[in-house]
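Down below is the structure, laid out as structure tokens.
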Ligand code: SF4
């Protein structure tokens, strides 16, 4: 089943009204992406990654397979952006993917980027979808202030990606998209996480991903040799382990119990390998963030 068919088959859609759209981060800019604001245009996510942290109870999404479109998001964004005194990077993609299949029809992300471009704000987009290419010109234009696109990529193997991230673009499609963005002068890179114990935590996988990232022109790879596991997220993940990786759930129980944040067994060794391979490939392990006095992006990166 292709992505669009999967999306049409499995999801209930509904339109909701949001009260606010731009959330200021408590500790801004954040240390991963340099964000000052976060923006969620949808609730729920069609990509249905088996490890998704957004299933956790604290996010209060009762049914993660129901996709809610914030129908007043654009109106709110324009109103809120006009009232902000502090110009800082707006991030999108932390609790849902802004380029999940429904975006092709709804175009909420596209319209949000038009507003961001109009008010000359910097943006960071986190995605697992090559649909982001449909906004390449907009992203380039925002890049005159600052824009960055990070692709979460966890495995070099398309077949494994299909199991753990069933409705996202394949790994090969994500790398192709990085190449296209990079060739167009867009600052982009990879988020190499989560690392799932006994699944994608191998030296071969990490080395292959770094090599592919280099070939695609990624400017950075941000890595973490672990994953989160809590309440509803853990239950869902363990159901999928039973289905696709029989016997693994018991290994997790024995090793991690009820821990929330876990590291893969060879985490330190893999992290050293990750750093060494990135250095060898000339790829940074941190992003360059937006700064007020930043010269034009294309000349900087
Ligand atoms: S793309 Fe992100 S938000 Fe969507 S299901 Fe996967 S991990 Fe969750």
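The values are calculated or read from the model by the stated rules, or taken from the named source; none is laboratory data. Quantities reported herein were computed from a predicted structural model and do not represent experimental measurements. Ideal geometry is used to build each Cβ from the backbone, glycine not excepted, and the neighbour counts take in all protein chains shown.
No other residue among 167, 148 is within 19 Å of residue 41 (Cβ to Cβ), assigned to a loop (DSSP other than H, G, I, E, B) and either modelled with pLDDT of 95 or more or touching a helix residue (DSSP H, G or I) at 6+ places or on another chain (Cβ under 8 Å) (or both) apart from 167. Of the residues making up region 126-142, those that are touching a strand residue (DSSP E or B) at 6+ places or on another chain (Cβ under 7 Å), under 26 Å from residue 84 (Cα atoms) and more than 12 Å from the ligand (Cβ to nearest atom) are 139, 142. Inside region 150-164, can you point out the residues that are within 14 Å of the ligand (Cβ to nearest atom) and under 22 Å from residue 217 (Cβ atoms)? Of everything in region 150-164, those that are within 14 Å of the ligand (Cβ to nearest atom) and under 22 Å from residue 217 (Cβ atoms) turn out to be 150, 151, 152, 153, 154, 155, 161. Taken as a whole, the condition of being surrounded by fewer than 20 Cβ atoms within 10 Å (Cβ to Cβ), free of Cβ contacts under 8 Å to residues at least 60 places away in the same chain and more than 16 Å from the ligand (Cβ to nearest atom) applies to residue 111. Checking each residue in region 22-56 for being crowded, with 20+ Cβ neighbours inside 10 Å, away from the ligand (no atom under 16 Å from the Cβ) and farther than 20 Å from residue 82 by Cα picks out only 34. Would region 182-191 turn up any residue that is more than 16 Å from the ligand (Cβ to nearest atom), in contact (Cβ under 8 Å) with a residue 40 or more places away in the chain, assigned to a loop (DSSP other than H, G, I, E, B) and more than 19 Å from the chain's Cα centre (by Cα)? Scanning region 182-191, I find at least one residue that is more than 16 Å from the ligand (Cβ to nearest atom), in contact (Cβ under 8 Å) with a residue 40 or more places away in the chain, assigned to a loop (DSSP other than H, G, I, E, B) and more than 19 Å from the chain's Cα centre (by Cα), so the answer is yes. Of all residues in region 195-229, those that are more than 30 Å from residue 61 (Cβ to Cβ), assigned to a helix (DSSP H, G or I) and touching a strand residue (DSSP E or B) at 6+ places or on another chain (Cβ under 8 Å) total 3.
Only one of the numbered conditions (1) within 16 Å of the ligand (Cβ to nearest atom); (2) farther than 17 Å from residue 38 by Cβ is violated by residue 60, and that is (2).
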